[in-house]
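Each remark here refers to the structure printed beneath this line.
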Amino acid sequence: MTKWEYATIPLIIHATKQILDQWGEDGWELVQVVPGPEGNGLVAYLKREKQ
């Protein structure tokens with residue numbers, strides 16, 4: 001059975017691509033982007049297979 005680990009990261013609007021590209025280089029896959037707490041900014045949920 002595949003086991004996963006997850007990360008939740010804040011996204012800075014003007015650097016979203018760079019942030020996601022960096023996490024992608026480390027093997028993380030974007031699952032979802034949602035509004036941050038109290039509607040401030042965005043939060044990304046990522047996953048990758050546990051090693």
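The values are calculated or read from the model by the stated rules, or taken from the named source; none is laboratory data. Computed from a predicted model, the values in this text were never measured in an experiment. Counting neighbours? That spans all protein chains shown, and the Cβs are built from the backbone with ideal geometry, glycine included. Accessible surface is based on the protein model in full, side chains and every heavy atom, while ligands, DNA and RNA are left aside. Shrake-Rupley method; radii C 1.70, N 1.55, O 1.52, S 1.80 Å.
The phi torsions of region 35-41, fed into the Karplus equation with coefficients 6.51, -1.76 and 1.60 and a -60° offset, translate into couplings of x, x, x, 6, x, 8, x Hz, rounded to whole numbers, with Gly and Pro shown as x. Across the chain, the mean sequence separation of Cα contacts (distance under 8 Å, 6 or more residues apart), normalised by length, yields a relative contact order of 51 percent. What the Kirkwood sum gives for the chain is a hydrodynamic radius of 11.5 Å, with every pair of different alpha carbons counted.
Overall, the chain carries a charge dipole of about 120 debye about its Cα centre when +1 sits on the Cβ of Lys and Arg and -1 on the Cβ of Asp and Glu, all other atoms neutral.
Residues whose amide H comes within less than 5 Å of that of L42, counting only those at least five positions distant or on another chain, are L11, G36 (H built at 1.01 Å from N in the peptide plane).
Annotation for the chain: chymotrypsin sites (Phe, Trp or Tyr not before Pro) lying in DSSP loop with at most 13 further Cβ atoms inside 10 Å of their Cβ do not exist. Note on the chain: helix-only mean residue ellipticity at 222 nm, from DSSP H runs of 4+ residues weighted -39500 (n - 2.57) and normalised by residue number, equals -6000 deg cm²/dmol. Working note: Karplus 6.51/-1.76/1.60 with θ = phi - 60° gives region 8-21 the couplings 10, 10, x, 10, 8, 3, 7, 10, 4, 4, 5, 5, 5, 4 Hz, where Gly and Pro are set to x.
A full extension of the chain between T2 and V43 corresponds to an added length of 12.3 nm, given 0.36 nm per residue minus the alpha carbon distance. Over the chain, with every protein chain in place, what whole percent of the accessible area is carbon and sulfur at 1.4 Å, could you tell me? Accessible surface attributable to carbon and sulfur in the chain totals 53 percent. Of the trypsin sites (Lys or Arg not before Pro) in the chain, the ones in a loop by DSSP (not H, G, I, E or B) with at most 11 other beta carbons within 10 Å are K3, K50.
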